[in-house]
Structure formats: C-alpha cells, structure tokens
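Notes to accompany the following structure.
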Amino acid sequence: MRLATVYGSPTPPGKMARALGLIEREARERHPGWSVERVAPRDSAGPVVATWDDEAVRRIGEADAVVLASPVYRGSLTGTLKLLIDMLPNEALRSKPVGILTVAAAPHHFLSAERHLRDILGWFGALTAPNSAFFVDTEFRTDDVTDDVRAALGEFTAQVVTLAERLDGREFGPDPLTVRYAKKTAG
Ligand SMILES: Cc1cc2nc3c(=O)[nH]c(=O)nc-3n(C[C@H](O)[C@H](O)[C@H](O)COP(=O)(O)O)c2cc1C
C-alpha cells in the first residue's frame, strides 16, 4: 500500500521535515507492505510560496493514505499547501485516510492550521484521522528528538495506516456537498 507524505512548506527542509521524516521511517520500518513517497513542492516562488507539478497531484490520487504536513503560517496552513489542495480533483481524497501534522513556533497555536485543514478535508469527503500530530518547532531543532515525540509520531503513523488497512478502500456516503450539487446541476 502507498502512503503519500506531503511536505507543505515553501522553505527548504527544516524542522517540520524532521517530524515528517520520522513518520516516513515509522511507516517503512514498522508497517510491512507499505511504501512511502514524499510529495514536495517543485520550486520556490518567493519566501512563502512554492509551486507543485501534476506529478504531486497524481501521487496523492494514487495513494492509499496521505499525511498532510504544514507549518502554521499566520494562524493557518501555508499558502503553499493550499495551492496543492486547490489543484486536486474533487475525488482525490474521498474516503481516504488523511493524517494532519502541524508545527508552530507558539504552543497556543496548536489548532490553528489543523482546524482549517479539517474543514477543507470535510469538503473532499476525506477520512480525516481523529488524532492529529502537533509539535512546537523547537522539538525538532536537532536530530535529537525526545522519546515522547517519537512515540507520538509512531502512534500517529499507526493510526493512519491502520485506518487504510482496515477499511481497505471502502467508500462512505452520503456524497460530499460538492458531488451532490454537481449531480443536481447536471440533472
Ligand atoms: C510566514 C510565517 C508565518 C508564521 N506564522 C506563525 C504563526 O502564526 N504561529 C506560530 O506559532 N508560528 C508561526 N510561524 C513559525 C513556523 O510555524 C515555525 O517556525 C515552523 O517550524 C516552520 O517550519 P520549518 O521549520 O519546517 O520551516 C510562521 C513562520 C513564517 C515563516
């Protein structure tokens, strides 16, 4: 099975990349039968924006489960990640397990990006994993990450892959609003 891990940051790999790297390692080492592909922006279009290619969209569409990772920017997800999300076809995440990983400088911003991502994933009819992973960025200042953080990332990874394994591609209804609206206007 395929796990797509989305590096939703415009900056070169930094603290969030360490967290995402540990999730990827967990999936490879502890979950036999899973392959992991990191989906990262193609190039930078300035200090806070990077762009994506069609390959990124294809990989997400073909994945059995997805981890969306974003630093908190201005109390929300990055514009870079939103650009990718806006490129996805409506059905790309339907009934698909999606885990949310966010990092921020300030601990009180722990829900900032997550709650916005949950709204967006609801629009797609994604199967958003109930427990997200949030960390203050200082946890990943170096490769020397605490056991607690590693354990949390391990549980987070197990949650996402188990959802995909147990549900085995099952689709859930009712259709998301966008599908129902499209049917109505077509008919
Ligand atoms: C444009 C911008 C906006 C940010 N906004 C917030 C914010 O609203 N709240 C917060 O806690 N951290 C904020 N941060 C800090 C980042 O979330 C944090 O440094 C994160 O670790 C960056 O990810 P990286 O280390 O992988 O590059 C912001 C950083 C940037 C560059």
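The values are calculated or read from the model by the stated rules, or taken from the named source; none is laboratory data. This one's a predicted model, so the numbers in the text were calculated from it and none came from an experiment. Heads up, the Cβs are rebuilt from the backbone with ideal geometry, glycines too, and the neighbour counts pull from every protein chain shown. These accessible areas exclude ligands, DNA and RNA; they are computed on the full protein's heavy atoms, side chains included. Shrake-Rupley method; radii C 1.70, N 1.55, O 1.52, S 1.80 Å.
Points worth noting:
- Whichever residue in the range 100-138 is outside any helix (DSSP H, G or I) and open to solvent by 40 Å² or more (accessible area, probe 1.4 Å) and, among such residues, is farthest from the ligand (Cβ to nearest atom): LEU127
- Residues located in the range 145-187, provided they are on the phi > 0 side of the Ramachandran plot and open to solvent by less than 70 Å² (accessible area, probe 1.4 Å): GLY169
- Residue in the range 76-97 that is nearest to the ligand (Cβ to nearest atom), counting only those that are small (Gly, Ala, Ser) and open to solvent by less than 20 Å² (accessible area, probe 1.4 Å): ALA92
- Among the conditions (1) surrounded by fewer than 17 Cβ atoms within 10 Å (Cβ to Cβ); (2) under 19 Å from TRP52 (Cβ atoms); (3) among the polar types (S, T, N, Q), THR142 misses just one, which is (2).
- Qualifying position, being open to solvent by 10 Å² or more (accessible area, probe 1.4 Å), out of contact with any strand residue (DSSP E or B) (no Cβ under 8 Å at 6 or more places or on another chain) and within 9 Å of the ligand (Cβ to nearest atom), among PRO12, PRO71: PRO12
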